[in-house]
Amino acid sequence: MKKLFNETNNKNKFSKVLNLYQQLLIDNNFRSKNIMLLVPNNATKLNYESKIDFKFSEELNITTYASFIKKELVKFWPIVFDKCNKIKKEVVSPAFISSSLTDYILSNNIKQKRNLEGYFEDLTCTNKNISMSISTNINKAALSLIDFNTIGEKIYLSKKNRDSIMRFSYSQMNEIINYYINTLLHNAMLDNSLSIYLYNKYLLQDEEYREYLKLQIEYLVVESLESCSTAEVDFINLVQGYSKDTYLFFNKTRDYSVFNNIDMEYIQENLISKYEEDMNIVKNNIEIEDLYSLDVKLELNDSSQLYGEMIDEVSNKIINLYEKGINLNDIAIISPINNTILDYQITNKLKDNNINVFNVKKDRKIIDYPYSNALLVATCIFYEYMQYIKEEEYISFIEILLNVNRVKAFKIYKNKEENEDLKELIDYIENKRSKGLKISEFLIQFYIDKMLNLKYGRENVNICKNIIHESDVFTDNISKLGLDYEKEKEQIFIEALKSSINDYYAVAELQQLNDANQVVISTPYSYISYNMDRPIQIWVDIGSNSWNMKIEKDISNVIVLRKSFKENRIYTDTMEEQYKKYYLYNMVYNLLLGAKTVYAYKSEYTVNGYIQESILYSLILKMLDKGDK
């Protein structure tokens, strides 16, 4: 049996998928290893696992595509090693690197090439931005099963002004990509992109492995087909060719972000079209009439001229709702990305009124937290890399470790040699240095001995655990890649920690959101992807174009790197606007589905004093105009 389901209500879909999966377990005497439930992310995986409680079942086969292929690569690494001649290092299984190490390798190579050979001379963006574009291109190409060697050419040929721009940056980008890929593969090390590449190019093409796979998956349940990449679509197509039953759950309206690795045209041509009897349930593109039809109260406040006035209006609205008895866990503040100032100011105003806030947006570097900074400074002292410590970082270190105020910490800093408490702390660090500890060993001992019992020591355990874990894995992988030939691996880690290693939430932390009585701050994309469901939404800064970001960049374009995008096709301004409208309508539709009331706020000027308008603001005016008629 092959069945396609369309369900726009997330709660209903979850219940249907859960009931179906449990019934398949019962029907197969709880032999769960042959029943695969393919989910889009680990948060969804944890959600299903928490609801299933069969005492006699085997280990549940609920997995993301990325987790599945990594396990397969580890299990069948000898096959991949024999087939891929770029892998030179003989190991039992591959090592997987973090995104922070990817950032370092790319950024460092770009910096060297720009300084020594004049690469990317026609680009005005930073090394970091170029690195992010190249990393995105590698990831999108892997998920779309596109040859890495064609990335630069594809993007160049899609440019409407390609006859008047230099081709060098695109060929230079390919050189950077090849360097990165070859460096990792040579040492049997993988990131998510290379895992997808090796699995599809080598392991999935092996006949013995395909025969093995046929015995492993008898039933396939795809929880969110609309979240599947091209690589996943091909995998589903392969498995459903021999599985007993395949169940696909599809909601086209969940295609809400261009950066989500989804090629809807490819999904419809290669999977949906094969389910002819179920195709009539698939919804067409979201139009303005679909937004009109949703039963949501929408209020617009665009009276603020200045950015600060808008923040005051938002804060006062939430305080007013709280005073009226509205539960905090019924309220979500939704603001666009790259809006740290707004989030910080609103959070502070609410905390001053005893309103707890949980910010899902982790766009801060991990060392931006005082306790993380304290670990960084301690590490620099331990390895005698004092050149990396700024004055304000050292003062903050003193403030935390000696439990003094900022003024007192500054005075101690200016007279470091005279303060006995600071001298004792430095002596402790130097004593640890003499014992030849690894970086992670030193950080663990320092945190337990000197930081755990501080005022907020226990509250900051998780963030510091992240640093300790990253230090161990990062430095180990630097050695394996042979990148410590000019600098010590610990020095490289400190540089990465200061520049590119960001904070993140564990899945379990996000799962606790539903039980916490807190206002949540989120981007629209995180709000939808984490399946948050709060009846009162506060949309902030709707005049910003960050709600509907530019798709085409100088050296990247996620649309062009889709399998369905035709070769040599020009990516036009009209296409850009059509895609932006498509994703905006889908995003707004998904936000409104679970809402009862939306309060939208706009200021005439940005935080930098520029007049702003946006497509979202125009759309809200249309929706309000329809509601008044």
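Here the dipole of the range 134-292 is about 680 debye; that uses its Cα centre as origin and unit charges on the Cβ of Lys and Arg (positive) and Asp and Glu (negative).
Estimated at the nearest 10 Å², the accessible area of PHE168 is 120 Å² with a 1.4 Å probe.
Candidates VAL519, ASN139, THR253 compared by Cα position along the dipole of the chain: farthest toward the positive end lies ASN139, with charges placed on Cβ.
Kindly provide the helix-only [θ] at 222 nm of the chain, computed as the sum of -39,500 (n - 2.57) over DSSP H runs of four or more divided by all residues, to the nearest 500 deg cm²/dmol? After summing the helix terms and dividing by the residues of the chain, the value is -15500 deg cm²/dmol.
Excluding ligands, DNA and RNA, what is the solvent-accessible area per residue of the range 95-187 at a probe of 1.4 Å, expressed in Å²?
Per residue, the range 95-187 has an accessible area of 43 Å².
Among the GluC sites (Glu not before Pro) in the range 395-475, those placed in a DSSP loop whose Cβ has at most 16 other Cβ atoms within 10 Å are GLU459.
Each Lys or Arg adds one and each Asp or Glu takes one away; over the other residues whose Cβ falls under 11 Å from the Cβ of GLU175, this sums to 0. Figure note: ASP255, ASP472, ASP573 ranked by solvent-accessible area, largest first, 1.4 Å probe, ligands and nucleic acids not counted: ASP573, ASP472, ASP255. Selection among TYR394, ASN339, SER372 by position relative to the dipole of the range 332-438 gives ASN339 as farthest towards the positive end (Cβ unit charges, Cα centre). Convex hull volume per residue, computed on the Cα atoms of the range 366-498, equals 101 Å³. Charge dipole (Cα centre; +1 on Lys/Arg Cβ, -1 on Asp/Glu Cβ; no other charges) of the range 366-498 amounts to roughly 280 debye. Computed across the range 95-187, the Kirkwood hydrodynamic radius from all distinct Cα-Cα pairs reaches 13.8 Å.
Rounded to the nearest 10 Å², what accessible area does LYS626 show when all protein chains are kept and the probe is 1.4 Å? Probe radius 1.4 Å; accessible area of LYS626 about 100 Å². Measuring only protein heavy atoms, the 1.4 Å probe finds ILE395 accessible over about 10 Å². Using the Cβ-Cβ distance between ASP352 and PHE96 with R0 = 51 Å, the FRET efficiency computed as 1/(1 + (r/R0)^6) comes to roughly 0.70. Label point 7 Å out from ILE570 along Cα-to-Cβ: which residues of the range 129-165 have amide N under 14 Å? Answer for this model: 157-165.
For the pair ILE52 and ASP476, label points projected 7 Å from Cα toward Cβ lie 3.0 nm apart. Hydrophobic, long helices, defined as DSSP H runs whose alpha-carbon span along the helix axis is 18 Å or greater and whose mean Kyte-Doolittle value is at least 1.0, occur in the chain at 370-383.
Once R0 is set to 56 Å, what does the formula 1/(1 + (r/R0)^6) return for the Cβ-Cβ distance between ARG406 and LEU621, expressed as a FRET efficiency to the nearest 0.05? FRET efficiency, ARG406 to LEU621: 0.75. Gyration tensor analysis over the Cα atoms of the range 507-629 returns equivalent ellipsoid semi-axes of 28, 21, 15 Å (largest first, whole Å). Heavy-atom surface analysis with a 1.4 Å probe gives the chain a carbon and sulfur content of 46 percent of its accessible area. Between MET386 and GLU211, the modelled labels are 6.8 nm apart [label points 7 Å from Cα along Cα→Cβ].
Count Lys and Arg as plus one, Asp and Glu as minus one, and take only other residues whose Cβ is under 12 Å from that of SER224; the net charge is then -1.
So for the chain: antiparallel DSSP bridges make up what percent, rounded to the nearest 5?
5
Note on LYS113: lysines with a C-alpha under 16 Å away, same-chain residues under 8 apart excluded, are LYS128.
Size descriptors for the chain, from the alpha-carbon set: Rg then Dmax equal 26.3, 82 Å.
Other residues whose C-beta falls under 15 angstrom from the C-beta of LYS55 contribute a net charge of -2, scoring Lys and Arg +1 and Asp and Glu -1.
Relative to the Cα centre, the charge distribution of the range 343-436, modelled as +1 at Lys and Arg Cβ and -1 at Asp and Glu Cβ, gives a dipole magnitude of about 360 debye. At an R0 of 25 angstrom, the distance between the Cβ atoms of SER303 and TYR582 translates into a FRET efficiency of 0.20. The candidates LEU375, LEU624, arranged from most to least accessible area with a 1.4 Å probe in the full protein assembly, appear as LEU624, LEU375. The length gained on full extension between LEU116 and PHE259, counted as 0.36 nm times the residue separation minus their Cα-Cα distance, comes to 48.2 nm.
The values are calculated or read from the model by the stated rules, or taken from the named source; none is laboratory data. Note that the coordinates shown come from a computational prediction; the quantities given were computed from them, not determined experimentally. No Cβ is skipped: glycine too gets one built from the backbone with ideal geometry, and neighbour counts run over all protein chains shown. We work out accessible area using only protein heavy atoms, side chains counted, and drop any ligands, DNA or RNA first. Shrake-Rupley method; radii C 1.70, N 1.55, O 1.52, S 1.80 Å.
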